[in-house]
1. Using the eigenvalues of the Cα gyration tensor, what equivalent ellipsoid semi-axes result for region B:127-187 when each is taken as the square root of five times the eigenvalue, whole Å, largest first?
2. Of B:N135, B:V16, B:V101, whose Cα points farthest to the positive end of the dipole of chain B (charges on the beta-carbon: +1 Lys, Arg; -1 Asp, Glu; origin at the Cα centre)?
3. Using a 1.4 angstrom probe on the protein heavy atoms only, could you order B:W245, A:W116 from most to least accessible area?
4. In debye, nearest 20, what is the charge dipole magnitude of the protein assembly as shown about its Cα centre with +1 on Lys and Arg Cβ and -1 on Asp and Glu Cβ, if you could check?
5. Could you calculate, for region B:95-238, the ratio of the Cα radius of gyration to the Kirkwood radius, expressed as Rg to Rh?
6. Throw me the Rg/Rh for chain A, computed over C-alpha atoms with Kirkwood Rh, two decimals.
7. Calculate, for A:S46 and B:A41, the FRET efficiency according to 1/(1 + (r/R0)^6) with r their C-beta to C-beta distance and R0 51 Å; round to the nearest 0.05.
8. Only four residue types carry charge here, +1 at the Cβ of Lys and Arg and -1 at the Cβ of Asp and Glu. Report the dipole size of region A:13-259 about the Cα centre in Debye, rounded to the nearest 20.
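The values are calculated or read from the model by the stated rules, or taken from the named source; none is laboratory data. Owing to the predicted nature of the structure, the values given are computational and were not obtained by experimental measurement. Glycine also receives a Cβ, built like all others from the backbone with ideal geometry; neighbour counts cover every protein chain displayed. The accessibility values were calculated without ligands, DNA or RNA, using every heavy atom of the protein model including side chains. Shrake-Rupley method; radii C 1.70, N 1.55, O 1.52, S 1.80 Å.
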Protein chains: 2
Amino acid sequence: MEAGAGAGEQLSLGAVRDQLIREEDSIVFALIERAKRPRNAPAYSSAGAGAGVGGSLAEFFVREAEVLHAKAGHYQKPEDVPFFSQDLPPPLFPTKGYPKVLHPSASRVCVNDAIWKMYFDELLQLFTVDGDDGNYAETVALDFACLQAISRRIHCGKYVAEVKFKDSPQDYTPPIHAKDSNALMNLLTFKAVEEKVKKRVEKKARIFGQNVTLEEDSVNQQGGNACDSECKVDPKVLSKLYDLWVMPLTKDVEVEYLLRRLD
Amino acid sequence: MEAGAGAGEQLSLGAVRDQLIREEDSIVFALIERAKRPRNAPAYSSAGAGAGVGGSLAEFFVREAEVLHAKAGHYQKPEDVPFFSQDLPPPLFPTKGYPKVLHPSASRVCVNDAIWKMYFDELLQLFTVDGDDGNYAETVALDFACLQAISRRIHCGKYVAEVKFKDSPQDYTPPIHAKDSNALMNLLTFKAVEEKVKKRVEKKARIFGQNVTLEEDSVNQQGGNACDSECKVDPKVLSKLYDLWVMPLTKDVEVEYLLRRLD
């Protein structure tokens with residue numbers, strides 16, 4: 001989180017919302033890029049591993065990529081959470097501190113296991129075509145980009161929760177003391193806002209996933225009117241991703257964060 | 001290259017063009033993503049390297065990322081060319097062969113040194129804002145995505161050259177025998193096509209780089225009419241990138257390939 005979160009500054013709901021909206025673009029781009037390749041199932045099978053390498057290519061790649069990113073100085077900020085946090089090396093290059101605007105327990109809030117399972121068991125089947133074109137290395141690199149973008153968006157929930165808590169501590173303090181997750185979830189749920197987010201990511205998939213041509217008045221270029229079957233990722237998959245997984249998991253992050261907010 | 005390039009199949013100009021058009025989207029997405037972050041100059045300075053690490057963070061990251069991608073099985077295809085090819089490890093996972101549609105010397109054609117220099121010395125300044133937000137690890141990962149996308153597009157020139165040679169060997173054979181690069185360059189240059197490509201990538205930057213909102217008839221959503229200053233990457237930077245570097249370097253690849261085509 002950068003905007004409006006300089007050292008000593010207050011987080012603002014506006015800045016957090018802008019960040020979340022920008023992350024939507026990243027998720028849509030990442031899914032469109034992954035959809036260039038078919039399913040490529042061998043990348044996810046442990047049977048194919050080479051000598052001395054356990055697990056699937058996808059798991060190998062994400063583990064090793066996270067090691068590299070950690071060496072480069074990633075995973076310092078609360079929204080950047082690795083999928084395999086064990087034994088990550090320290091940065092080899094100087095890193096800049098980030099503003100400490102969250103409660104220290106924020107670093108312990110992580111729903112990446114659920115994201116991993118969702119991505120490989122459910123989402124991948126919805127936006128890639130069945131098939132095997134042999135481009136396994138490229139495929140898992142694209143998967144990693146999707147996983148990173150989705151995880152960052154969801155773990156930004158830590159900032160959402162902090163802003164909401166700061167805005168009305170009187171509403172949040174009783175359910176936090178009572179460890180009442182359901183009451184917190186109700187406080188954090190705004191159906192009308194969620195419907196707007198779903199509509200917006202669907203529209204983004206329609207606009208960013210179209211085949212752009214130079215014909216001036218092609219229906220395709222008008223955003224809202226493109227034929228979904230011509231989009232590189234079905235726009236409905238984006239609203240489903242947000243409805244079933246991104247927004248619920250973000251709220252899980254918010255609840256987890258709030259439950260520790262007064263520790 | 002996949003489309004129309006199955007084992008024993010002929011490459012078609014249509015399939016190669018479709019691939020090049022798709023790569024444009026990847027380049028535009030990658031630049032838009034990199035533009036999320038400011039310049040972040042310390043990522044490119046050798047002064048900041050940690051103990052035992054020479055060079056800049058950017059160089060460290062690209063080198064190590066290429067090692068990882070090679071272990072995963074990347075860099076098997078003629079259009080996937082590493083920036084640091086020395087000492088790349090062999091794949092740890094089984095790879096699938098790709099159709100051998102090019103002359104064997106294709107693997108020796110590489111303009112990545114020129115791409116590297118262009119990207120860091122010229123392009124980066126054109127589409128990132130001056131500043132330092134400390135997100136160096138994320139920044140160099142985004143640079144790597146840009147470099148990979150641009151390099152793949154340019155090295156697809158090998159297929160373009162092969163298709164053109166196969167289409168009219170009688171035109172290409174004399175200048176190849178005469179090692180006449182200028183004559184080959186003239187044969188490969190189609191100004192009208194290049195103008196169309198520049199217009200199309202500019203339009204893609206305008207469409208993919210807009211801020212999508214739910215307002216139905218916002219001017220922004222109409223593609224061609226968005227105000228360029230509101231785009232995440234100035235669309236003119238894309239046409240300039242293609243005009244000054246991507247298309248000339250692609251033709252350099254084509255010429256290099258053709259000069260070896262009859263060896």
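1. 41, 12, 8
2. The Cα lying farthest towards the positive end belongs to B:V101.
3. Largest accessible area first, the residues go A:W116, B:W245.
4. For this selection, approximately 160 debye.
5. Expressed as Rg/Rh, it is 1.06.
6. Rounded to two decimals, Rg/Rh equals 0.99.
7. Between A:S46 and B:A41 the formula returns 0.75.
8. It comes to approximately 700 debye.
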